[in-house]
Amino acid sequence: MFAQLRPAFTMIILMTLITGAIYPLVVTGVAQLTMPGQANGSLIQRDGKPVKDGAGAVGSELIGQPFSDPKRFWGRPSATSPYPYNASASSGSNQGPLNPALADAVKDRIKALRDADPGNTAPVPVDLVTASGSGLDPHISPAAAEYQVARIAKARGLEPQKVRALVAESTEGRQLGFLGEPRVNVLRLNLALEALN
């Protein structure tokens, strides 16, 4: 019987070493060598200072942050709980288009946007009033950024053209030229905005 169990235990130990130690170490090493920024969480730093062990990081380019100051660009709403953009609870609201709770939430978000910028009569872009599937989306559409230009320019005492130019500079194109839609990373845009003042 021991002769039959010995190969089984040997394979368990061998596969545990390969899949539990060697493979993760190799993948981590290759990632650290070839793309250290992404391997360490795609952290965003302020003023170009190096990020070491997360110190000096103001956020990640992969996870949104809640902004509500009228002097900053606002991102997509987040459906995570117990607080917005909770990376450990990534989820959507799972509310369908006929759900009255979703309709009420969208109306409240539109009202908040209109109250923050009463003179803006442009249609509100959908990504400013609906949460993404993950609840963590760090990007908004260029239209959503453009919608906020007048409010931010007024609150900061800047020319709207200057803020609009910043949005254009911060707009990322489609991946590989054809995948997805153009987008703007809200945290990066707000950091560039702060550098103007």
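The values are calculated or read from the model by the stated rules, or taken from the named source; none is laboratory data. Treat the numbers as computed from the prediction; the structure is a model and nothing was measured. Using ideal geometry, Cβ is built from the backbone for each residue, glycine included, and neighbour counts are taken over all protein chains shown. For accessibility, only protein heavy atoms count, side chains too; no ligands or nucleic acids. Shrake-Rupley method; radii C 1.70, N 1.55, O 1.52, S 1.80 Å.
Among the protein heavy atoms of the chain, carbon and sulfur supply 62% of the accessible surface, probe 1.4 Å, non-protein parts ignored. Distance from the C-alpha centroid of segment 8-24 to that of segment 107-151: 51 Å, rounded to the whole angstrom. Here the contact order of the chain, divided by its residue count and restricted to Cα pairs under 8 Å and six or more residues apart, works out to 19 percent.
Across segment 64-74, computed HN-Hα scalar couplings (Karplus, 6.51 cos²θ - 1.76 cosθ + 1.60, θ = phi - 60°) run x, 9, x, 10, 10, 5, x, 7, 10, 6, 9 Hz from first to last residue, x flagging Gly and Pro. Between amide H atoms placed 1.01 Å from N, distances below 5 Å from GLY59 occur with ILE44, all of them 5 or more places distant or on a separate chain. Shown for the chain: lysine pairs separated by 8 or more places, or found on different chains, whose C-alpha atoms are under 26 Å apart, numbering 9.
Is segment 42-197 best put as rounded, prolate or oblate by its Cα gyration tensor, with a ≥ b ≥ c the root eigenvalues, rounded for a/c under 1.5, and otherwise prolate when a/b is larger than b/c, oblate when not? Oblate shape, in that a/c is at least 1.5 and b/c is the bigger or equal ratio.
Taken along the Cα-to-beta-carbon direction at a fixed 7 Å, the label points for VAL126 and THR171 span 1.9 nm. Applying the Karplus relation 6.51 cos²θ - 1.76 cosθ + 1.60 with θ = phi - 60° to segment 140-153 yields 3J(HN,Hα) values of 10, 6, x, 5, 5, 5, 4, 4, 8, 4, 4, 4, 5, 4 Hz, where x marks Gly and Pro.
In segment 70-197, taking the dipole from charged Cβ atoms about the Cα centre, the farthest positive-side position among THR121, GLY180, THR80 is held by THR121.
Counting heavy atoms of the protein chains only and a 1.4 Å probe, report the per residue accessible area for segment 97-197 as a whole number of Å².
54
The overall shape of segment 60-152, judged from the alpha-carbon gyration tensor, is oblate: a/c is not under 1.5, and a/b is no greater than b/c. When the square roots of the Cα gyration tensor eigenvalues are ordered a ≥ b ≥ c, the ratio a/c for segment 1-122 is 1.5 or more and a/b does not exceed b/c, which makes its shape oblate. Largest first, the residues THR121, THR19, THR171, THR80 sort by 1.4 Å accessible area into THR121, THR19, THR171, THR80. Per residue, segment 1-95 exposes 72 Å² of accessible surface when a 1.4 Å probe is rolled over the protein heavy atoms with every protein chain present. Comparing PRO97, LEU166, THR10 along the charge dipole axis of the chain, the residue lying farthest to the positive side is LEU166, per the Cβ-charge model.
Starting from the residue with the highest accessible area, list LYS162, LYS154 in decreasing order, probe 1.4 Å.
In descending accessible area the options line up as LYS154, LYS162.
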